[in-house]
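Visitor: Shown below is the structure under consideration.
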Amino acid sequence: MQLHTLFETSLDLLAADREFVAESFRRGSRDWARVKPIRALFLAAVNDMLDAAAEVDEIPEPVFQELTCQLLMDAYVAAVHYWLADTTEGFENTSVVIDRGLDLVCAMLKAAGRAKRRFMEEMDAR
């Protein structure tokens, strides 16, 4: 899925500025006006990736796509936090966490798709 590439590539790009990223996270941003445009771009990119994955039947069409995008935004922020604390060579543990986390999200999306399909079959049968 393209999401894995997004997570891994963005962390690779941030590596040169890891100290700055760490300081930014420590300070936190309480200025929603500064964060909102970045969040909107990330959510739009994730939304497009979910659409593309559903188009090729990699995942079923997400039941609650907007919430799924927000979940993935939170997962990305968690991955950055984990990456900042990761001391393994090449941030190997972060890659494992990203792999497992995105595998879990894909499993949830597939389960939700199956549940939706069953629900729709039940409704049609009535």
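The values are calculated or read from the model by the stated rules, or taken from the named source; none is laboratory data. This is a predicted model, so every value here is computed, not measured. Reconstructed Cβ throughout: ideal geometry from the backbone, glycine too, with neighbour counts over all protein chains shown.
Visitor: Applying the selection to the range 65-92, what residues are in contact (Cβ under 8 Å) with a residue 24 or more places away in the chain and farther than 20 Å from Leu14 by Cα?
Guide: Of everything in the range 65-92, those that are in contact (Cβ under 8 Å) with a residue 24 or more places away in the chain and farther than 20 Å from Leu14 by Cα turn out to be Thr68, Cys69, Gln70, Leu71.
Visitor: Now, a different point. Tally time: how many residues in the range 11-37 are among the small types (Gly, Ala, Ser) and farther than 14 Å from Val77 by Cα?
Guide: 3
Visitor: Could I ask something else about it? Name the residue that is modelled with the highest pLDDT, counting only residues in the range 16-28 that are surrounded by fewer than 12 Cβ atoms within 10 Å (Cβ to Cβ) and either of a type in the set (A, V, I, L, M, F, W, C) or within 13 Å of Phe91 (Cβ to Cβ) (or both).
Guide: Taking the range 16-28 first, the residues surrounded by fewer than 12 Cβ atoms within 10 Å (Cβ to Cβ) are 16-17, 19-20, 23, 26-28.
From the residues that got through so far, the ones that are either of a type in the set (A, V, I, L, M, F, W, C) or within 13 Å of Phe91 (Cβ to Cβ) (or both) too are 16, 20.
Working: Ala16: 95, Phe20: 92.
So, considering only residues that are surrounded by fewer than 12 Cβ atoms within 10 Å (Cβ to Cβ) and either of a type in the set (A, V, I, L, M, F, W, C) or within 13 Å of Phe91 (Cβ to Cβ) (or both), the one modelled with the highest pLDDT is Ala16.
Visitor: Which residue, of Ala112, Ala107, is exposed (fewer than 14 other Cβ atoms within 10 Å of the Cβ), within 19 Å of the chain's Cα centre (by Cα) and under 19 Å from Asn47 (Cα atoms)?
Guide: On inspection, the qualifying residue turns out to be Ala107.
Visitor: Now a separate question. I'm checking my understanding of the structure. Among residues of the range 72-97 that are of a type in the set (A, V, I, L, M) and under 14 Å from the mean Cα position of the chain (by Cα), which one is farthest from Leu109 (Cα to Cα)?
Guide: So, considering only residues that are of a type in the set (A, V, I, L, M) and under 14 Å from the mean Cα position of the chain (by Cα), the one farthest from Leu109 (Cα to Cα) is Val80.
Visitor: In addition: Do we have Ala54 as within 19 Å of the chain's Cα centre (by Cα) and among the hydrophobic types (A, V, I, L, M, F, W, C) here?
Guide: It is true that Ala54 is within 19 Å of the chain's Cα centre (by Cα) and among the hydrophobic types (A, V, I, L, M, F, W, C).
Visitor: From the set of residues in the range 7-50 that are among the hydroxyl-bearing types (Ser, Thr, Tyr) and over 17 Å from the mean Cα position of the chain (by Cα), which is farthest from Leu84 (Cα to Cα)?
Guide: Ser29
Visitor: Kindly provide the set of residues from the range 4-55 that are in contact with a helix residue (DSSP H, G or I) (Cβ under 7 Å, 6 or more places away or on another chain) and of a type in the set (Val, Ile, Thr), ordered by number.
Guide: Val21, Val46
Visitor: Shifting gears a bit: Restricted to the range 93-104, and to residues that are closer than 24 Å to Arg26 by Cβ and free of Cβ contacts under 8 Å to residues at least 24 places away in the same chain, which residue is surrounded by the fewest Cβ atoms within 10 Å (Cβ to Cβ)?
Guide: Here the answer is Asn93.
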